[in-house]
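Scroll down for the structure; my scribbles are underneath it.
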Amino acid sequence: MTETPALEVRRLTKFFGRKPREAIERLRAGASRTELAPLGTAAVIDADFEVHRGEIFVVMGLSGSGKSTLIRTLNGLLEPSDGTVTVMGETITGMSRKRLREVRRRHVSMVFQHFALLPHRTVLENAAYGLEIQGVSPAERRARAEHILERVGLGGWGDKMPAELSGGMQQRVGLARALASDTDILLMDEAFSALDPLIRKEMQEQLVELQHELGKTIVFITHDLNEAMFLGDRIAVMRDGRIVQLGTAEEILTDPADGYVAQFVQDVDRSRVLTAGNVMEAPRAVVTASAGPRAALRSMRDLQTSMVFVVGSGRRLLGVAHDRDVLRLVQRGERSLESAISDDHPVVGADEHLSELFESAVESQLPLAVVDEQGRLLGAVPRVTLLAALGNVSANTAEQAIIETPATIPVDVITATLHRTARPDTALADAADASAVAAAAAEAADIRAEALSKETEAFSRDAEALSRDAEALSQETDATRADAAGERSPA
């Protein structure tokens, strides 16, 4: 059975001004926000989305886009002009004020941009205020408030007054008050925008950590794209009252819905958004440990690379093997690849952000191996792919993708070694290898010849066009000279 969303918003419109019904009808008929300006302001237009339980849902947009109005309809502070809002399965649109207060107490807390602390109460009393409204006993609300203050880094500050705290600490009190109420949903309206950049980053990281621990559903409003990309499981981008795109940070960054969104995301710090799993390539140079040295060496020769990933059963990554080490095993007639497998190579998780990969990428020339929680090989991130992802460009060259590390042993040396050390049981495979190598070389030569032929044809066409242009220019020059001579001759 599908779990009920924490929030459901259906065709929600909020209009401020005269004749809201007329304005809504005109909007449905295709009128723009500007055309309705004489009647008032269409702050939110036909918003339609769900917020899943336990996710951080970010609404992002510039000033005037409608995001703050939208969040105030989610807890009933503003009544929609049209459409509905459902909180934890209960529709609050049109609900009585008494019942709405009950829903807020049980299900929805709000963290404001400018803290909204009570100046005459201590930090502990501010953190416990929501519990006081809920009718929780003094002893219990004190214990719960102290626990949450500890969680947000304010242990020991409970007896201080708000004026004695820095801006970042005051915002932590506001967050603690919302968390202490233990509601299902937190609404955060530009909650960190008034903070200094370093404190703001700390608060963002702490919010993600707390959300993972407590599993709260969070709707976060911001105009900062980097903040949205860092926090949001999903992001709704608003413009002129409408949601113009809804998706994950990676979807919005790599596939913007229109030019507005594309321009919006062009300067985002991609290293904090994209993960190894987003940019990894499928590793071609992979062999199983049971395949042996000869198979590993053939694979490196065919792919023109100096290393292969070695996996065990279930594709569990065992390490890497380098061409020179494997070549020595083949020369000695070894049948096991085990002694050539090295675990001295960089391994990263699929969820690690690109900003966390730089050090490993710099320290090793090998592609970063991307594994899951069970250590299974998922993909690889070469340096060129990492840099291309940061620059939002393709990692492909004109002919092929640069994925593997370059070979250090010539193909003919490897092929000769395989032939020289071949046993009767491997001769057939090696012969097939030699044939495949020859066929591949012939095919590559044909491709190069065809490309050269096409380039020659193109050059000939360009030369002909240039000749025609020169002839036309010469004729035009002659005509100009004739006109000039005619003007100088006496009438």
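The values are calculated or read from the model by the stated rules, or taken from the named source; none is laboratory data. As the structure is a computational prediction, the values presented were derived from the model and not from experiment. In this analysis, Cβ positions are derived from the backbone assuming ideal geometry, glycine residues included, and neighbour counts consider all displayed protein chains. Surface accessibility is based on the protein's heavy atoms, side chains included, excluding ligands, DNA and RNA. Shrake-Rupley method; radii C 1.70, N 1.55, O 1.52, S 1.80 Å.
Of all residues in region 251-264, those satisfying the criterion of being out of contact with any Phe, Trp or Tyr (no Cβ under 8 Å at 6 or more places or on another chain) and buried (at least 17 other Cβ atoms within 10 Å of the Cβ) are 252, 253, 254, 261, 264. Entry remark, region 51-67: residues being open to solvent by 10 Å² or more (accessible area, probe 1.4 Å) and touching a Phe, Trp or Tyr at 6+ places or on another chain (Cβ under 9 Å) number 1 in total. In the set (1) assigned to a loop (DSSP other than H, G, I, E, B); (2) touching a Gly at 6+ places or on another chain (Cβ under 9 Å); (3) touching a residue at least 40 places away in the same chain (Cβ under 8 Å), the condition left unmet by residue 221 is number (1).
Is it the case that residue 359 is among the acidic types (Asp, Glu) and at pLDDT 80 or above? Yes; evaluated as a whole, the condition is true for this residue.
Which of the residues belonging to region 312-351 are over 18 Å from residue 297 (Cβ atoms) and in a helix (DSSP H, G or I)?
313, 314, 315
For region 163-209, the set of residues classified as among the acidic types (Asp, Glu) and within 27 Å of the chain's Cα centre (by Cα) consists of 184, 189, 190, 196, 202, 205, 209, listed by residue number. The single residue among 127, 116, 139, 143 that is at positive phi and out of contact with any Gly (no Cβ under 6 Å at 6 or more places or on another chain) turns out to be 116.
Just so you know, in region 304-313 the residues that are under 31 Å from the mean Cα position of the chain (by Cα) and in contact (Cβ under 8 Å) with a residue 60 or more places away in the chain include one that is surrounded by the most Cβ atoms within 10 Å (Cβ to Cβ), and it is 307.
Of all residues in region 172-198, those that are without any contact (Cβ under 8 Å) to a residue 40 or more places away in the chain have Cβ atoms under 9 Å from Cβ atoms of residues that are open to solvent by 10 Å² or more (accessible area, probe 1.4 Å) and of a type in the set (Asp, Glu), 6 or more apart or on another chain, in 192/224; 195/202.
Only one residue in 54, 94 is under 25 Å from the mean Cα position of the chain (by Cα), closer than 28 Å to residue 135 by Cα and not in a helix (DSSP H, G or I). Which one?
Matching residue, one of 54, 94: 54.
When the test is whether a residue is out of contact with any Lys or Arg (no Cβ under 7 Å at 6 or more places or on another chain) and open to solvent by less than 20 Å² (accessible area, probe 1.4 Å), residue 244 does not pass it. In region 138-165, the residues that are open to solvent by less than 80 Å² (accessible area, probe 1.4 Å) reach residues that are among the basic types (Lys, Arg) with C-beta atoms within less than 7 angstrom, at least six apart or across chains, in these pairs: 152/172; 153/172; 154/172. Any residue at all in region 17-31 that's closer than 30 Å to residue 89 by Cα, in contact with a His (Cβ under 7 Å, 6 or more places away or on another chain), at pLDDT below 95 and surrounded by 21 or more Cβ atoms within 10 Å (Cβ to Cβ)? Looking for residues that are closer than 30 Å to residue 89 by Cα, in contact with a His (Cβ under 7 Å, 6 or more places away or on another chain), at pLDDT below 95 and surrounded by 21 or more Cβ atoms within 10 Å (Cβ to Cβ), one finds none in region 17-31, hence no.
Somewhere in region 9-20, is a residue assigned to a helix (DSSP H, G or I) and in the same structural domain as residue 215 (by the TED database)? Checking region 9-20: at least one residue is assigned to a helix (DSSP H, G or I) and in the same structural domain as residue 215 (by the TED database). Taken together, the residues in region 91-119 that are touching a residue at least 12 places away in the same chain (Cβ under 8 Å), open to solvent by 50 Å² or more (accessible area, probe 1.4 Å) and closer than 20 Å to residue 52 by Cβ amount to 1.
Considering region 196-206 alone, what residues qualify as being modelled with pLDDT under 85, in a helix (DSSP H, G or I) and out of contact with any Asp or Glu (no Cβ under 8 Å at 6 or more places or on another chain)? The answer is 197, 198, 199, 201, 202, 203, 206.
Among helices (runs of 4 or more DSSP H) entirely within region 107-182, having at least 2 residues that are at pLDDT below 85 singles out 129-134, 167-180. Looking only at residues in region 224-241 that are open to solvent by 40 Å² or more (accessible area, probe 1.4 Å) and outside any helix (DSSP H, G or I), the one that is farthest from residue 55 (Cα to Cα) is 240.
Out of the residues in region 177-218 that are aliphatic (A, V, I, L, M) and open to solvent by 60 Å² or more (accessible area, probe 1.4 Å), state the one that is nearest to residue 165 (Cα to Cα). Across region 177-218, the extreme among qualifying residues is 198. Any residue that is open to solvent by 20 Å² or more (accessible area, probe 1.4 Å), farther than 23 Å from residue 410 by Cβ and modelled with pLDDT of 90 or more - is there at least one of those in region 317-325? Yes - at least one qualifying residue is present in region 317-325. Looking across region 307-360, the residues that are closer than 30 Å to residue 268 by Cβ and aliphatic (A, V, I, L, M) come down to 347, 348, 350, 354, 357.
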